[in-house]
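Accompanying notes for the structure given below.
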Amino acid sequence: MALKRRSIKDSRGESTLFRVRAMVGFALILLGLGVLVARYQYLQVQRHSEFALRSENNRVKPRAIPPARGLIYDRNGVLLADNVPAFRLEVVPEQVSDMKTLLSDIRDVVPLGDDDIDAFKKQLKQNRRFDSVPLKLHLTEDEIARFAINRWRFPGVDVVPYLTRRYPYGPLFAHVVGYVGRIDADDMNRLDADRYKGTSHVGRSGLERSYEDVLHGEPGYELVEVNADGRVQRVLETHAPTPGKNLYLSIDLRVQRAAAEAFEGRPGSSVAIDPRDGQVLAMVSVPSFDPNLFVNGISRADYSAYMTDTDKPLLNRALKSAYPPGSTVKPFLALGGLELGIRRPEDTVLSTGEFCIPGQQRCYRDDVRGGNGTVNMVRAIQLSTNTYFYKLALDMGIDRLANWMGSLGFGKKTGIDLIGEAEGILPSREWKATRSKYGWFPGETVIAGIGQGYWNVTTLQLAHATATFAGHGTPYAPRLVMATAAVKEHAVPLPNPPAGPSLIHKPSDWNVVNQGMEAVVYGAGGTAMQAGVFKGFPLTVAGKSGTAERFSRRSNDYDTNKNLAYLATRHRAWFIGYTPTESPRIAVAAMLESGAWGAADAGPIVRKIMDAWLVSTGGPVPPKATPESAPAVPSSVPEVPEDTPVATPADTPAMPPESASSSPPDDGGNP
Amino acid sequence: MIDALQIRLQRLLRRMITRPRIDLPLAFGLFVLGCVGLMTLYSASGGSMAMITGQAARFVMGGILLLLISRIPPAVLRGWTPWLYAGSVCLLLVVAALGEVRSGSKRWLDLGVLSFQPSELLKLTMPMMVAWYLHPRQLPPSWKDIAVVGILIGIPAGLIAEQPDLGTALLVSAAGAFALFLSGMRWWKIGSLLAVVGAMVPVAWHFLHEYQRNRVRTLLDPESDPLGNGWHIIQSQIAVGSGGLWGKGWQHGTQSRLDFLPEHTTDFIFAVFSEEFGLVGVICLMALYAFIIGRCLWIAMEARDTYSRLLAGAIGMSFFVYVFVNGGMVAGMLPVVGVPMPLVSYGGTSAVSLLTGFGVLMSIHANRKVHD
């Protein structure tokens, strides 16, 4: 009170002034708060839906759930490709402050290959910072345990479960089933990004690749709540993925195994087909490889071992290697002769050991010095008489020959359910016109008649043609997969209707050729009979051997060296066959890249496959085939290859026949 | 001696409890506000009991300080005012010389045991000083008085702005300016002064730090830099806007719980509140603030002398500045400056200094005019 009196101020006036100011101030404050409320009203009511949506978009993210890949079974339900849980090391880049240090430190705990690091760095660039990137796939238990102990040292790194592919039979089905591999940048461009969200592997080869669409399934998704760092807080909603369909192969594991073992490690391939519907019963390419190595990224060492192996284990010979078929084409040519009305079964040809094109100087050798004498069609097939087929080819002409053989599937893809099939070469004017400036020479027609010259066929094509014939001419595209099954549903057979009408118009034509091929197996002088290949087999077998040269003959050794090992380096051995002849149920083609003789070397492979097939169908266990060591080279086996090439396309694919005819007709050097 | 002191202290404490010299409506308003603050903090921190107890402890500390200061008569405070003002300005200078740098600005003074921001002191000593200066003068103030007050405001405000802490500088200046306004400064003088300040804005822009300019730029167009400076503004508006009329419900604000909202326990806690309680909650809280400010001004009007009036009014009105600047910032209306939402934002210094200010108000209330 005293203080107030001391001042000379008008305190009442001041008080009033203050009162007014305070009220004005409060009014202004209310106005300010009103402005604030108006702004909040604008945001929260006027623009509420816009911000509500943005908040929801912030919070809820869809996340793909990859589907489980379909499994692959053999025809009896034996698992050939399985999904097994595995663990991988994943890194969330965002949570790692120093990636370089991390990578070098973590190597002490979990050994990392340079491949792992490379793949990791590649993916690191493509991914968002908060998406985890796999660093090492398929950790061993030891690695998991060691990482668990050291986990605290590595924030942002974690062990994550996933499903990986396993092929229990490894190399046995590697060329058929193929393998899956990690999706890489190229795959990402090729594949439908939506379907492959969250999927780490894709079919790389074999059925895994050709049936990718069926095996993959449809991804599901879940709606997850994420925080600002993109880390998942909880799952709001789940839409389960649709797993891929399971595949059932028509191959029987036991037949496949027998086929693979029959090669005893020698490079070659074999295909067995059911003539009644085109189902593949066995398909092997030797040597093979372990597909399991490829699933989670093959190491450089393993890969270069495969790549440098001279036997090329990664090559699917059945599908991709085309070689001259040699005498195996003769039955097909004979059938063409009958069907086209060029030959009657009883028409005979005199084989003298040499065939010369009428009016020309060029001559072509026969199988046996001196020839087979007068032969009709059955006998010509049985003895593989070259002269008969030289003449037949010449009479038929290259155009009709190419057309007929083409209808049996040569020179084009068989349409098997695998990718990467080779077309081979069907000799024809059109084919040559694209390769050479020379026109077609009659000599080329002649050697085409014995499966030489430009001819190149794959084992699959030959098996396909054999099956088509065995099935009385009804062509079926070969099929490895006979049925698919959605999860928890019964297997649904895949239809495989005939690719066209029967090629054989007169059943008697079939009988003639069949008779010739039976004679190969059972008749005196038949190549397979002489080698004793089908001795004791309970069903009637028809077959045909083929021995094709790998080089043109140039050296003296060609005439003098009859050592089998030497011959094997020069010859490719073929054998085709089917059984039972009354109503064929299996047709087989086998090829040995380095076989001395078609019947003696490739024949036993066909026999073993047929044995296993017979057992698998519940038939009697056939007695063991004659040991190969027995009459390996019976006295009457031709001392020169049955198909005497003048030049092989492998060396001189477009060689004009002039050079071919330069080799003098073989007059033999043996006593 | 010690016994006597003890007895006096005991008596004081007893009287504080049995006859608290406080304004019950204001205390009630503050109590409700504190509860709302703790509740919001609980949600914003994701149920962190450590933060809740820490903040509650500060409230208790501030409350005790409030009760203690409410016992100091305004006349005594007035006597201390020049010294308090001079002391706090000196501390500012010390900070400028050897303060501790935290996140790019030099605001903190480390006293070993605790570190604090001397600029916080100015929030109270500034209006005290202006009120002290104007108390004996003839009011409305003359140009000379206005100039002196301008200097009294300008020196510490400049020092704080230099730290740089624009938010606090703004609050400190506003507190002083409100005292001047309440003293009855002529409207035409206010008008011409505002005109001069307005003309100075381009010059001030020149003196702003680049980051401060960027804050203003992003305010004008937040989408231009959605992951950098614009992030705060965009995410805060999304939080507010998605709250709608009724809000997402307590503890259901996704923006803050999922860390989209930065600083969601401190400067941006009001966005959490708006998201969870909606426009209805905002209006209620604004009404509560309006009530507290109104009560402060009522206490000011009832005050016995000029010093008390101006001081109480300035404290009450600067409380509004907190609310308006923070609320405007959260709603994307004002640039991002470090002004907390009073008694809601997490953080000790602000809560304690605010409650200290209310302690002064309580003291003024206790020594109000005696009505006939």
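Of B:309, B:304, which residue is assigned to a loop (DSSP other than H, G, I, E, B), farther than 15 Å from residue B:29 by Cα and within 10 Å of chain A (Cβ to nearest Cβ)?
B:304 is the lone residue from the list that is assigned to a loop (DSSP other than H, G, I, E, B), farther than 15 Å from residue B:29 by Cα and within 10 Å of chain A (Cβ to nearest Cβ).
So which residues in the range A:285-294 are in contact with a Leu (Cβ under 8 Å, 6 or more places away or on another chain) and either part of a strand (DSSP E or B) or β-branched (Val, Ile, Thr) (or both), if there are any at all?
A:285
Answer yes or no as to whether residue A:296 is buried (at least 20 other Cβ atoms within 10 Å of the Cβ) and within 30 Å of residue A:119 (Cα to Cα).
yes
Answer with yes or no whether residue A:320 is farther than 30 Å from residue A:595 by Cα and charged (D, E, K, R).
No; evaluated as a whole, the condition is false for this residue.
Would you check which residues across the range A:188-224 are farther than 21 Å from residue A:247 by Cβ and not β-branched (Val, Ile, Thr) and list them? Before you say what the answer is, go through the steps one by one.
If we filter the range A:188-224 for residues that are farther than 21 Å from residue A:247 by Cβ, which is where we start, we get A:188-190, A:193-194, A:197-198, A:220-224.
Within the range A:188-224, A:188, A:189, A:190, A:193, A:194, A:197, A:198, A:220, A:221, A:222, A:223 meet the criteria.
In the set A:88, A:69, which member is in a strand (DSSP E or B) and away from chain B (no Cβ under 14 Å)?
Checking each option against the conditions leaves just A:88.
Can you pull out the helices (runs of 4 or more DSSP H) entirely within the range B:128-213 that have at least 2 residues that are within 25 Å of residue B:76 (Cβ to Cβ)?
Once the helices (runs of 4 or more DSSP H) in the range B:128-213 are filtered for at least 2 residues that are within 25 Å of residue B:76 (Cβ to Cβ), what remains is B:143-162, B:166-182.
Looking at (1) in contact (Cβ under 8 Å) with a residue 40 or more places away in the chain; (2) outside the structural domain of residue A:586 (by TED's automatic domain parsing); (3) of a type in the set (A, V, I, L, M, F, W, C), find the lone condition where residue A:318 falls short.
(2)
Residues of the range A:1-30 being more than 7 Å from chain B (Cβ to nearest Cβ), assigned to a helix (DSSP H, G or I) and either at pLDDT below 85 or more than 30 Å from residue B:239 (Cα to Cα) (or both), which ones?
Of everything in the range A:1-30, those that are more than 7 Å from chain B (Cβ to nearest Cβ), assigned to a helix (DSSP H, G or I) and either at pLDDT below 85 or more than 30 Å from residue B:239 (Cα to Cα) (or both) turn out to be A:2, A:5, A:6, A:11, A:12, A:13, A:15, A:16, A:20, A:23, A:24.
Give the range A:330-350 a look and list any residue that's of a type in the set (D, E, K, R) and closer than 18 Å to residue A:576 by Cα, or say none.
Of everything in the range A:330-350, just one residue is of a type in the set (D, E, K, R) and closer than 18 Å to residue A:576 by Cα, namely A:330.
I'd like to check which strands (runs of 3 or more DSSP E) are fully inside the range A:329-410 and have at least 3 residues that are more than 18 Å from residue A:527 (Cα to Cα), assigned by TED's automatic domain parsing to the domain that holds residue A:446 and in contact with a Lys or Arg (Cβ under 8 Å, 6 or more places away or on another chain).
Of the strands (runs of 3 or more DSSP E) lying wholly inside the range A:329-410, those with at least 3 residues that are more than 18 Å from residue A:527 (Cα to Cα), assigned by TED's automatic domain parsing to the domain that holds residue A:446 and in contact with a Lys or Arg (Cβ under 8 Å, 6 or more places away or on another chain) span A:354-356.
Out of the range A:316-354, which residues are surrounded by fewer than 24 Cβ atoms within 10 Å (Cβ to Cβ) and more than 41 Å from the chain's Cα centre (by Cα)?
Selection gives A:344, A:346, A:347, A:348, A:349, A:350, A:352, A:353, A:354.
Tell me, yes or no, whether the range B:201-215 has at least one residue that is surrounded by fewer than 22 Cβ atoms within 10 Å (Cβ to Cβ) and within 14 Å of chain A (Cβ to nearest Cβ).
Taking every residue of the range B:201-215 in turn, none turns out to be surrounded by fewer than 22 Cβ atoms within 10 Å (Cβ to Cβ) and within 14 Å of chain A (Cβ to nearest Cβ).
If residue A:33 meets every condition in (1) away from every other protein chain (no Cβ under 14 Å); (2) of a type outside the set (Asp, Glu); (3) part of a helix (DSSP H, G or I); (4) surrounded by 20 or more Cβ atoms within 10 Å (Cβ to Cβ) apart from one, which number is that one?
Going through (1) away from every other protein chain (no Cβ under 14 Å); (2) of a type outside the set (Asp, Glu); (3) part of a helix (DSSP H, G or I); (4) surrounded by 20 or more Cβ atoms within 10 Å (Cβ to Cβ) one by one, residue A:33 breaks only (1).
Does residue A:419 satisfy the criteria of being over 31 Å from the mean Cα position of the chain (by Cα) and in contact (Cβ under 8 Å) with a residue 60 or more places away in the chain?
In short, no.
Conditions (1) β-branched (Val, Ile, Thr); (2) surrounded by fewer than 24 Cβ atoms within 10 Å (Cβ to Cβ); (3) modelled with pLDDT of 90 or more, marked per residue:
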position: A:435; (1), (2), (3): no, yes, no
position: A:439; (1), (2), (3): no, yes, no
position: A:446; (1), (2), (3): yes, no, no
position: A:453; (1), (2), (3): no, no, no
position: A:460; (1), (2), (3): no, no, yes
position: A:466; (1), (2), (3): yes, no, yes
position: A:471; (1), (2), (3): no, no, yes
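Could you check the range B:261-286 and list, in sequence order, the residues that are of a type in the set (A, V, I, L, M, F, W, C) and either surrounded by fewer than 24 Cβ atoms within 10 Å (Cβ to Cβ) or within 11 Å of another protein chain (Cβ to nearest Cβ) (or both)?
Result: B:261, B:270, B:271, B:273, B:277, B:279, B:280, B:282, B:283, B:284, B:285, B:286.
Does residue A:55 count as at pLDDT 85 or above and out of contact with any Cys (no Cβ under 9 Å at 6 or more places or on another chain)?
Here the answer is no, as residue A:55 does not meet what is asked.
Would you tally the residues in the range A:488-509 being within 23 Å of residue A:68 (Cβ to Cβ) and small (Gly, Ala, Ser)?
Summing the residues that are within 23 Å of residue A:68 (Cβ to Cβ) and small (Gly, Ala, Ser) in the range A:488-509 gives 1.
Filter the range B:247-260 for residues that are in a loop (DSSP other than H, G, I, E, B) and within 8 Å of chain A (Cβ to nearest Cβ); which is surrounded by the fewest Cβ atoms within 10 Å (Cβ to Cβ)?
My answer is B:259.
Restricting to the range B:48-98, and then to whatever is among the polar types (S, T, N, Q) and either more than 21 Å from the chain's Cα centre (by Cα) or not in a helix (DSSP H, G or I) (or both), can you tell me which residue is nearest to residue B:366 (Cα to Cα)?
Across the range B:48-98, the extreme among qualifying residues is B:53.
For the structure I just gave you, tell me whether residue A:70 is touching a Lys or Arg at 6+ places or on another chain (Cβ under 8 Å) and modelled with pLDDT of 90 or more. Steps first, answer last, please.
Details: touching a Lys or Arg at 6+ places or on another chain (Cβ under 8 Å): yes; modelled with pLDDT of 90 or more: yes.
Criteria met by residue A:70.
Rundown of residues vs (1) surrounded by 16 or more Cβ atoms within 10 Å (Cβ to Cβ); (2) modelled with pLDDT of 90 or more; (3) of a type in the set (Lys, Arg), yes/no style:
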| site | (1), (2), (3) |
| --- | --- |
| B:114 | no, no, no |
| B:133 | yes, yes, no |
| B:185 | yes, no, no |
| B:196 | no, no, no |
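May I ask you to say which residue of B:347, B:338, B:327, B:332 is surrounded by 24 or more Cβ atoms within 10 Å (Cβ to Cβ) and either touching a helix residue (DSSP H, G or I) at 6+ places or on another chain (Cβ under 6 Å) or more than 12 Å from chain A (Cβ to nearest Cβ) (or both)?
B:327
The values are calculated or read from the model by the stated rules, or taken from the named source; none is laboratory data. Computed from a predicted structure; not experimentally measured. No Cβ is skipped: glycine too gets one built from the backbone with ideal geometry, and neighbour counts run over all protein chains shown.
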